[in-house]
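Asker: There's a structure below that I have some questions on.
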Amino acid sequence: MSTPRHRIARRSPRPGGRRWTTLARRPVARVLAVGLAVAVACELVLPELAAATATAGAANVPAVLAPSAMTVTPPAGRDMAVDRGGGGYGYWLAASDGGIFSFGDSSFYGSTDDLALNSPVVGMAATPGGRGYWLAAGDGGVFSFGDAGFSGSADGLVLDRPVVGMAATPDGHGYWLVAGDGGIFAFGDARFYGSTGGVDLNQPVVGMAATPDGRGYWLVAADGGIFSFGDARYHGSTGDVVLHGPIVGMAATPDGRGYWLVAADGGIFSFGDAGFYGSAAGVPLKAPMVGMASTPDGQGYWLVAADGGVFNAGDAGFDGSTGSLDLRNPVVTVVPT
C-alpha cells in the first residue's frame, strides 16, 4: 500500500522518448487538431420518475434506495433520456485511448487518441470556464488541453496501484490524482489533505470528488465506502449494502453538502442534500455504467456507459452520445462544461 503523498514538485514535459505531457506545446505540425463531435439526437421522454432520496442512518446505510425507479426500456440502438425541461449544458466523454467526444456547448481542444500511450486514460477534469481539460492515465501521466495548465504528473513514479481518477481545484490551477489504493497525488495549488494509502481497504478506490472550495475531497471505493478528507463531510455510504453492481463513480453537489454514487448497473445512491432524480437500474444496458457528473445547479445528473450511452435525469439535458457508434476503445468518464 502506498504511504500518504504530499505535493510532488512541478515537472516539465519530457521532450522525446515517452511522450509530451502538454500537447498544446507541441510543434504546430504535430498538434492534435482533429476532434470528434458526435450528435446522436435521440431523446425519449419518460414518465415522471418516483422521487426518492437515500439518507444515511445510524449504521451509515441509505434508508431509501430506489435504483429500480426506471423501468422503461429504450428502443434498440437508442439511448434513454429522462428530460425534465433542462438544457443549455454540455459535456465531454473521454475514452480509454484519450479520444474526446464533445456535446452541447462543449468544445474540442485536443485528444491523445493518436498517441501510443503507456497506460490507458482513466480520468478527466475540466477547467472552471470549460475552455480546457486534463486527461489522466493509469500510470499517472497528465495531458492538458486548451487553457488547462500543466502542473505536474506522477508518470515517473513507481505506483503501488494505478491511478483511477482525478479532480481539479476550483480555480483550475491544480489537480489531484487518486490511485486504486487511495493514494493521493497533489499538483499546482491542490493541497494534500490525507489518503487511504496506508489503509487496508475492503475494495479498491474507484474515484474522487473535490469540495467546492478545494479544501477537501472524498474518495469512493467499489463497495461504496466513502473516505472524507479536509473540509469534506461524510454524509453516508453503501459500504454495508449488498449492491447489484460495484460503485464506479461519484459526483458532489455544488454546495458540497451531499453527493451521489453510481453503480455499474445504473443504480443511483444519494446522500446529504443530493436529490434523487432517477436511475438506470432495471434498464437493459448494452454496456455497464462507468461514471457520472452533476449539472451546475445540482438539480440533475448525467450517467455514462462504457459504450458512450448517455442517460440524463433531472435538469440535465441530453445533447448526444456515442451509444450508436462502433468505438475503438470504451468510454471511461463524463465531464460537464
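None of the figures in this text is laboratory data; all of them are computed from the coordinates on show. Model, not experiment: these values are computed from the prediction.
Asker: Once all Cα-Cα distances of the range 264-336 are split into 10 Å bins that start at 0, what whole-number percent is in each one?
Answerer: 21, 54, 22, 3
Asker: Let me know the shape class of the range 132-216, please: from the alpha-carbon gyration tensor, a ≥ b ≥ c as square roots of the eigenvalues, rounded when a/c is under 1.5, otherwise prolate if a/b is greater than b/c, or oblate.
Answerer: Oblate, since a/c reaches 1.5 and b/c is not below a/b.
Asker: Something else: In whole angstrom, note down how far apart the Cα centers of the range 113-158 and the range 253-323 are.
Answerer: Here the answer is 23 Å between Cα centres.
Asker: Report the relative contact order of the range 257-307, percent, no decimals, based on alpha-carbon pairs under 8 angstrom and at least 6 residues apart.
Answerer: Over the range 257-307, the number comes to 31 percent.
Asker: While we're on this one: Given a cut-off of under 8 Å on Cα pairs at least six residues apart, what relative contact order in percent is computed for the range 243-337?
Answerer: 21 percent
Asker: Two decimals is fine: what is log10 I(q)/I(0) at q = 0.09, 0.10, 0.18, 0.21 Å⁻¹ for the range 160-296, from a Debye sum with one equal scatterer on every Cα and no solvent?
Answerer: Each listed q corresponds, in turn, to -0.24, -0.29, -0.97, -1.29.
Asker: Continuing with the same structure: For the range 153-207, what does the relative contact order come out to in percent, with C-alpha contacts under 8 Å and a separation of six or more?
Answerer: 30 percent
Asker: Sequence-distant or interchain residues sharing an amide H contact under 5 Å with Val248, placed H: which?
Answerer: Excluding prolines and chain starts, which carry no amide H, the hits are Val262, Ala263, Ala264.
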